[in-house]
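Undergrad: Sharing a structure below in structure tokens format, with a few things to ask.
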Amino acid sequence: MQTLIKNGTIVNPQGCSRLDILIEDDRIVALGPTLRAPGAQAVNAKDCYIFPGFIDTHTHFDLDTGSALTADNFITGTKAAALGGTTCVLDFATQERDGTLQQALAQWHEKAQGSSCNYGFHMAIARWDEGVRQEMAAMLEQGVSSYKMYMVYDALRVDDGQIFLALQEAARLGSLIGVHCENWDVLQQMIQQVKASGLTGPYGHPLSRPPAIEAEAVARFMRIAQLAHAPAYVVHLSTAQGLEEARRARARGQRVYLETCPQYLLLTDLCYQAEDGAKYVMSPPLRKSWDNEALWQALGSGEINTIGTDHCSFTMAQKAMGSEDFSKIPNGAPGVQHRAQLLYTYGVCKGRITLEQMAALLSSNAAALFGMPDRGILALGRAADLVVWDPSYTGCITDTNHAHNCDNSPYAGFAVQGRARDVFVNGQAVVRDGQIVAAGLGKYIHRSRCSLY
Ligand code: URP
Ligand code: ZN
């Protein structure tokens, strides 16, 4: 089957060009100024941009945190993703403390059946031992070339020595380790102090996790990676102070890669004073406007490499579990549908980043870092994952006008410009005119070694 997308402007990190694109089955088979393909299905992309399909580097679908199960599973989450132009999510397959990586991988393959966009898995290592080290080679053979390790959460956190050993093994295999950087021990003390001062509501959350909680942990992770001679990937960077630590590591020659999320660019800790402050409880917490600004500048300068959503949705009823105690509010917020719209509106339209940077931040950099050489660029022979982006659309996000399976959005009230009008996953139209037209076509992406090695 052939599809001819005509009259659009193609956006790659290297530049924009007015080219038609011919898709056959799941591949891009021709690009040219005026292509003809009699018999092909025609899509008119006049006045639209064509982006490489967006890749969300950070989602949590169907995750049981121990106290709450996320509202979105892969069925609902990947439909929302596709509606936002995301053609591939990298979700966190999460090892159980007494389980193996192989068991977690099998479990996540099962959960992801029926996904509407492509998917791959980072493996979250929750227990480290020699057996786990040996499993990492088998993970690579099965298409898992990246990991996450947590410095926080009782059921997930590992110690510095374990991060060091995992980094060494990852470096040997050509895999990349991302770390959730917060200082757990200090955090525990600060939570108790904030609660003892009488601040038990959502505003206690950011007070218990000030920027230095992140920055200390980023600095420590940088040094551990230096000792292990391994590249380091910081997930969901939220602070100017953390950014400074990453800059220091880069200045001494380390390979450091940074991810941030729309919430750390657009929202501040004032949100916790709202009546529905619980919906903004996530870790790391929302910061100050100067942190937002520092991260925007780092996007513009190319210092931040990827933008993931950290989509981890809970309903307001679930959030109410912590109405007496902020430390019991399930951590996380939805966002997988809105990443590109927010970046376009508040990044490109405001002149903070270019269209080309948007393509790099939402797609190409993730494809390179996470071993997907077939994706992230619109070029001859590459996978036909692409987005027809209509820049003329205007709208406003509310708590309910989205496809996330929950009754809230941290971006409620945000005006947006532009939308994913048509979305192609593996050459097939999954979204047309902003509506899902085909569900369940997503495939597992078997990823290779990280291209940094
Ligand atoms: O609050 C958050 N971000 N929840 C999801 C788990 C994580 O820390 O990434
Ligand atoms: Zn996360």
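Undergrad: What are the residues in the range 155-174 that are closer than 30 Å to P330 by Cβ and touching a residue at least 40 places away in the same chain (Cβ under 8 Å), if any?
TA: Those that are closer than 30 Å to P330 by Cβ and touching a residue at least 40 places away in the same chain (Cβ under 8 Å): A155, L156, D160, I163, A166, L167, A170.
Undergrad: Suppose we filter G66, G77, G99 for residues that are open to solvent by less than 40 Å² (accessible area, probe 1.4 Å), part of a loop (DSSP other than H, G, I, E, B) and not charged (D, E, K, R); which single one remains?
TA: Step by step, each of G66, G77, G99 is checked, and only G99 is open to solvent by less than 40 Å² (accessible area, probe 1.4 Å), part of a loop (DSSP other than H, G, I, E, B) and not charged (D, E, K, R).
Undergrad: Given the criterion open to solvent by 20 Å² or more (accessible area, probe 1.4 Å) and either farther than 18 Å from I50 by Cβ or within 14 Å of ligand 2 (Cβ to nearest atom) (or both), identify the matching residue among S327, S313.
TA: Result: S327 is the single residue among S327, S313 that is open to solvent by 20 Å² or more (accessible area, probe 1.4 Å) and either farther than 18 Å from I50 by Cβ or within 14 Å of ligand 2 (Cβ to nearest atom) (or both).
Undergrad: Any idea which of (1) within 16 Å of ligand 1 (Cβ to nearest atom); (2) part of a strand (DSSP E or B); (3) touching a Lys or Arg at 6+ places or on another chain (Cβ under 9 Å) is the one Y119 doesn't satisfy?
TA: Of the numbered conditions (1) within 16 Å of ligand 1 (Cβ to nearest atom); (2) part of a strand (DSSP E or B); (3) touching a Lys or Arg at 6+ places or on another chain (Cβ under 9 Å), the odd one out for Y119 is (1).
Undergrad: Of all residues in the range 1-41, which are in a strand (DSSP E or B) and surrounded by fewer than 12 Cβ atoms within 10 Å (Cβ to Cβ)?
TA: G15, R18, G32
Undergrad: Out of (1) in contact with a strand residue (DSSP E or B) (Cβ under 6 Å, 6 or more places away or on another chain); (2) farther than 28 Å from G120 by Cβ, what's the single condition that is false for D47?
TA: Going through (1) in contact with a strand residue (DSSP E or B) (Cβ under 6 Å, 6 or more places away or on another chain); (2) farther than 28 Å from G120 by Cβ one by one, D47 breaks only (1).
Undergrad: Could you grab me the full set of residues in the range 289-344 that are touching a strand residue (DSSP E or B) at 6+ places or on another chain (Cβ under 6 Å) and either away from ligand 1 (no atom under 15 Å from the Cβ) or without any contact (Cβ under 8 Å) to a residue 12 or more places away in the chain (or both)?
TA: Selection gives S289, L295, I304, N305, A340, Q341, Y344.
Undergrad: Out of E214, E244, which single residue is away from ligand 1 (no atom under 16 Å from the Cβ), under 22 Å from the mean Cα position of the chain (by Cα), modelled with pLDDT of 95 or more and closer than 22 Å to G300 by Cβ?
TA: Result of the check over E214, E244: E244.
Undergrad: Which one of these is of a type outside the set (F, W, Y), buried (at least 20 other Cβ atoms within 10 Å of the Cβ) and part of a strand (DSSP E or B): E214, E259?
TA: Only one candidate qualifies: E259.
The values are calculated or read from the model by the stated rules, or taken from the named source; none is laboratory data. Since the structure is predicted, the reported quantities are computational estimates derived from the model, not experimental observations. Using ideal geometry, Cβ is built from the backbone for each residue, glycine included, and neighbour counts are taken over all protein chains shown. Just the protein is used for accessible areas: all its heavy atoms, side chains included, with ligands, DNA and RNA removed. Shrake-Rupley method; radii C 1.70, N 1.55, O 1.52, S 1.80 Å.
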